[in-house]
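Enquirer: Below you'll find the structure I mean.
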Amino acid sequence: MQYLYAPWREEYLGQKKDTCPFCDCANRLKSDEELKVIFRAKHCFGVMNHYPYTPGHFMVIPYIHEENIENLSHETWQEMSDFVRKSVKILKSELGARGVNIGMNLGKEAGAGIAPHCHYHLVPRWAGDTNFITSIGQVRVCGNDIEKIYQKFLTAFAKLI
């Protein structure tokens, strides 16, 4: 068995909080840079995924702590959907993404890591980004500076809001 040393994950893995990390993020308004919040709207916000599948992977999350999308208000659902659409445009224009995976894992049984608080994932994709290293090495390679991507997103979303 091979081990990948990733000490930056220690804080994430070592401490199991009793609170919802998305609610924590929603309520810590003065910590946007630390938390990598890229926009805040009336009913939802966007935040970078701290352990992305690809560079630029982020989430659109409702402020309300709700597992079931059918319980979201029409206004919340519409705003989230609108930001998903805007986000695709930003991923294409700012990162040159050639494709985008958009998805929600609804419920623990569907693979949701944080099941009690629904959220969209937006994962930018490029030709050749699904290479052999993930398949045979079981390793993800992030070849971009996440901080630079965060700054690009802040600027792009500020223009939209």
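Enquirer: Filter the stretch 80-112 down to the residues that are surrounded by 15 or more Cβ atoms within 10 Å (Cβ to Cβ), farther than 18 Å from residue 37 by Cα and of a type in the set (Val, Ile, Thr) and list them by number.
Expert: 100
Enquirer: Just to be sure before I move on: is residue 54 among the hydroxyl-bearing types (Ser, Thr, Tyr) and modelled with pLDDT of 95 or more in the structure I sent?
Expert: Against the criterion (among the hydroxyl-bearing types (Ser, Thr, Tyr) and modelled with pLDDT of 95 or more), residue 54 does not qualify.
Enquirer: Within the stretch 59-79, restricting attention to residues that are closer than 15 Å to residue 112 by Cα and touching a Ser or Thr at 6+ places or on another chain (Cβ under 9 Å), which residue is least open to solvent (accessible area, probe 1.4 Å)?
Expert: Restricting attention to the stretch 59-79, the residues satisfying the condition of being closer than 15 Å to residue 112 by Cα are 59-61, 65-69.
Still in the list and also touching a Ser or Thr at 6+ places or on another chain (Cβ under 9 Å): 60, 66.
Values: 60: 0, 66: 37 Å².
Only one residue tops the list, namely 60.
Enquirer: So for the stretch 6-21 (the condition being exposed (fewer than 11 other Cβ atoms within 10 Å of the Cβ), at pLDDT 95 or above and assigned to a loop (DSSP other than H, G, I, E, B)), does at least one residue qualify?
Expert: Scanning the stretch 6-21 turns up no residue that is exposed (fewer than 11 other Cβ atoms within 10 Å of the Cβ), at pLDDT 95 or above and assigned to a loop (DSSP other than H, G, I, E, B).
Enquirer: List pairs: first in the stretch 25-41 and surrounded by 12 or more Cβ atoms within 10 Å (Cβ to Cβ), second assigned to a helix (DSSP H, G or I) and of a type in the set (Phe, Trp, Tyr), Cβ under 7 Å, 6+ apart or cross-chain?
Expert: Filtered contacts from the stretch 25-41: 36/150; 38/150; 38/153; 38/157; 39/157; 41/83.
The values are calculated or read from the model by the stated rules, or taken from the named source; none is laboratory data. This is a predicted model, so every value here is computed, not measured. Quick reminder, even Gly has a Cβ in these numbers, built from the backbone with ideal geometry, and neighbours come from all protein chains shown. Accessible surface areas use protein heavy atoms only, side chains included; no ligands, DNA or RNA. Shrake-Rupley method; radii C 1.70, N 1.55, O 1.52, S 1.80 Å.
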